[in-house]
Amino acid sequence: MTTTLTDAARENLEAGLEVKHQITSHLNPPPSYDVADHPLPVGREEIWRFTPIKRLRGLLDGEASDAELTWDTTLPDGVSLTRISTDEARELGELAPNDRPSALAVALAGGARLLDVPAETELDEPVVLRLTGQGADDLVWGHVVLRVGAFSKATIVLVHTGSARYAATTSVLVGDGAQVNVVSLQDWDDDAVHLGRDAILVGRDATVRHTSVSFGGDVVRMHANVEYAAPGGEAELLGLYFADAGQHLEHRLFADHNQPRTKSNVVYKGALQGQGAHTVWIGNVLIRKVAEGIETYEENRNLVLTDGCQADSVPNLEIETGEIEGAGHASATARFDDEQLFYLRSRGVSEKEARRLVLHGFFQDLIRKVGVPEIEERLTTTVEAELAKNVLKDLV
Amino acid sequence: MSTLEIKDLHVSVKTDDGPKEILKGVTLTIKDGETHAIMGPNGSGKSTLAYSVAGHPKYDITGGSVTLDGADVLAMTVDERARAGLFLAMQYPVEVPGVSVSNFLRTAKTALDGEAPKLRTWVKDVNAALQQLNLDPTFGQRSVNEGFSGGEKKRHEVAQLELLNPKVAILDETDSGLDIDALKIVSEGVNRFRAQEGKGVLLITHYTRILRYIEPDFVHVFVDGKIADQGGPELAEALEAEGYDKYLTKTAAV
């Protein structure tokens, strides 16, 4: 009797505060584990209209498959990597899937892998999970849960290499007061297809930084989604991508401010070069009625290096309360800035070197925010290699 | 040894209504070791002269010549002009996010010399140059011009002038927006540069204030894309007292 009353009271309260999903984003379908709630897209749907569905090579059909990526990792003391059932993952409180590939991944992966960092654990070294695909024809469903307990401090890096047709849901559960840094590197071979959703639940007064880096693959579509379990959480969502000829790299962001006094800051930077290079960036911030005192900013910058590229960039902001600290967005897609090049060249620096320097700076500005020295170094090296391979070769 | 010779220079910019002529025949020679001040009201073409000589792509040279020690400057690319010995301190230095001041300075020095500077002496030189201009030691780690105050931008331009040490320096309103302390610091830097043998300076300014600290050998008054008057330092004093009005009225009356 008492329990019933309490539950009823809580439901009423939650309905009033919209803690649950009574009001959903206009741009993101309601979350659901039921694959039937996420029908096969035809390509005109808001969330699919930028994606080349034919090039997903049947990934959305939802065929069963036992294939897996190879996992390679060394775990620090106290950190465990185990297999849990789909239901157990759900009970941990992960965010429900909000598109077809993430729903299929949960439904078909046959359980999840749980990386568990217990409460009050401070890790000195990053935990690196190396996930390698065995071949472009492998169909792989992935379900990963990264759980970092209250007041812990951890850096977790996922490195995707090799090739596969891979759809995955990665849940990041950040305990109260924890400080978590997650980096997801998509460094696939040219023929890989990767549809990923990283769904982050931020605990009370916790801070999380999530960096998505996409270089390789034929089609990579990554979704980063943040919600807050309690007030006071902060999320920084960073991204860096470099699309070469024929590549489609898509990044979709969704910061759902469902709690008061929470923060989100999104910065994604990309460069494109070569015929048919296509990047898509969709930013979305929802400020619910309950989310008073929040602060949010989203920004996307693209550098178009050659003809024949296309960069789509759409920032969105859905606001249901004006009682906030701040909300803003910016998007810019441009070629090299002639004034920057003139400034550098007026100091004797050749045109080629000036371009290299501007591009280096464009990405370095973001790379130095990642906060993991070995990853920053690797990113710098990779960016320089990309530049040397393509941008600068015509100018030699 | 350096002589910058500008002869009958005509420059235009593209506008929606077609090309518009900004410089209408400028002739000016800066000989070995001379400092020339160019003064004039806003819109008279002072900055256009500076940027045209440096090779900014926005400006079309429609006539005349510019030579540095006899070499055809107008035939050179922007970076070739710098390597030939020209330097432009800009009124509005450009931000280059993510590129640190120290990386930028080293890259420029390497480009100018054709080889990387000796690390130990270079670091010492950079630190000394920054210090002389009252710039914090951590300045080298900051992104070029990003988040700099107006004064920091100008002091950074003069630090570059000293470190890159060109033959001829063009200073485009380096004094604008500076308080008196910053103006003194910047002027001292320019004076250290021109105390060396044979360095030429073309100092563009709207105000006479900076000429109290950097005394010019010649003063040219720029009005409507041409030199309207020229003389020695005393001309600056006359301008200080009378302003540009008499030149402007003369133009209007024509």
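Being touching a Ser or Thr at 6+ places or on another chain (Cβ under 9 Å), buried (at least 16 other Cβ atoms within 10 Å of the Cβ), among the hydroxyl-bearing types (Ser, Thr, Tyr) and within 12 Å of chain B (Cβ to nearest Cβ) narrows it down to one residue among A:SER346, A:SER350; which is it?
A:SER350
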Count of the stretch B:78-121 residues which are among the aliphatic types (A, V, I, L, M), at the interface with another protein chain (Cβ under 7 Å from one of its Cβ atoms) and part of a strand (DSSP E or B): 3
Pick from the stretch B:161-171, criterion more than 17 Å from B:LEU68 (Cα to Cα) and either β-branched (Val, Ile, Thr) or surrounded by fewer than 23 Cβ atoms within 10 Å (Cβ to Cβ) (or both), ranking: farthest from the other protein chains (Cβ to nearest Cβ): B:GLU162
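Yes or no: the stretch B:37-56 includes at least one residue that is in contact (Cβ under 8 Å) with a residue 24 or more places away in the chain and surrounded by fewer than 16 Cβ atoms within 10 Å (Cβ to Cβ). If you could, list the steps in order and put the result at the bottom.
Restricting attention to the stretch B:37-56, the residues satisfying the condition of being in contact (Cβ under 8 Å) with a residue 24 or more places away in the chain are B:37-42, B:44-55.
Adding the requirement that they be surrounded by fewer than 16 Cβ atoms within 10 Å (Cβ to Cβ) leaves B:42.
There is at least one residue in the stretch B:37-56 that is in contact (Cβ under 8 Å) with a residue 24 or more places away in the chain and surrounded by fewer than 16 Cβ atoms within 10 Å (Cβ to Cβ).
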Index of the failed condition, A:GLU384 passing every other in (1) modelled with pLDDT of 90 or more; (2) within 14 Å of chain B (Cβ to nearest Cβ); (3) at negative phi: (1)
Subset of the stretch A:57-80 (residues that are among the hydrophobic types (A, V, I, L, M, F, W, C) and not in a strand (DSSP E or B)): A:LEU59, A:LEU60, A:ALA64, A:ALA67, A:LEU69, A:LEU75, A:VAL79
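Can you tell me which residues in the stretch A:123-181 are among the aromatic types (Phe, Trp, Tyr), on the phi > 0 side of the Ramachandran plot and assigned to a strand (DSSP E or B)?
The answer is none; no residue qualifies.
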Failed criterion for A:ASP189 (all others in (1) more than 17 Å from A:THR70 (Cα to Cα); (2) in a loop (DSSP other than H, G, I, E, B) hold): (1)
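Taking the condition closer than 28 Å to B:VAL99 by Cβ and polar (S, T, N, Q), does B:ASN145 pass?
Values: closer than 28 Å to B:VAL99 by Cβ: yes; polar (S, T, N, Q): yes.
When the stated conditions are applied, B:ASN145 passes them.
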Odd one out for B:VAL126, checked against (1) closer than 21 Å to A:PHE342 by Cβ; (2) buried (at least 19 other Cβ atoms within 10 Å of the Cβ): (1)
Subset of the stretch A:28-51 (residues that are in contact (Cβ under 8 Å) with a residue 60 or more places away in the chain and either of a type in the set (S, T, N, Q) or surrounded by 16 or more Cβ atoms within 10 Å (Cβ to Cβ) (or both)): A:ASN28, A:PRO29, A:PRO31, A:SER32, A:VAL35, A:HIS38, A:ILE47, A:PHE50, A:THR51
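Within the stretch B:185-242, how many residues are acidic (Asp, Glu) and closer than 19 Å to B:GLU5 by Cβ?
Taking the stretch B:185-242 as the starting set, the residues that turn out to be acidic (Asp, Glu) are B:188, B:197, B:215, B:217, B:224, B:229, B:234, B:237, B:240, B:242.
Retained after the next criterion (residues that are closer than 19 Å to B:GLU5 by Cβ): B:217.
Residues flagged as acidic (Asp, Glu) and closer than 19 Å to B:GLU5 by Cβ within the stretch B:185-242 amount to 1.
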Residue that is of a type in the set (Asp, Glu), under 18 Å from B:TYR51 (Cα atoms) and out of contact with any helix residue (DSSP H, G or I) (no Cβ under 6 Å at 6 or more places or on another chain), where the choices are B:GLU237, B:GLU157, B:GLU242: B:GLU157
Every residue from the stretch B:57-76 that is buried (at least 16 other Cβ atoms within 10 Å of the Cβ), without any contact (Cβ under 8 Å) to a residue 60 or more places away in the chain and more than 14 Å from every other protein chain (Cβ to nearest Cβ): B:ILE61, B:GLY64
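The values are calculated or read from the model by the stated rules, or taken from the named source; none is laboratory data. Note that the structure is a prediction, hence the values are computed from the model and not measured. Cβ coordinates were reconstructed from backbone atoms using ideal geometry, including for glycine residues, and neighbour counts include every protein chain displayed.
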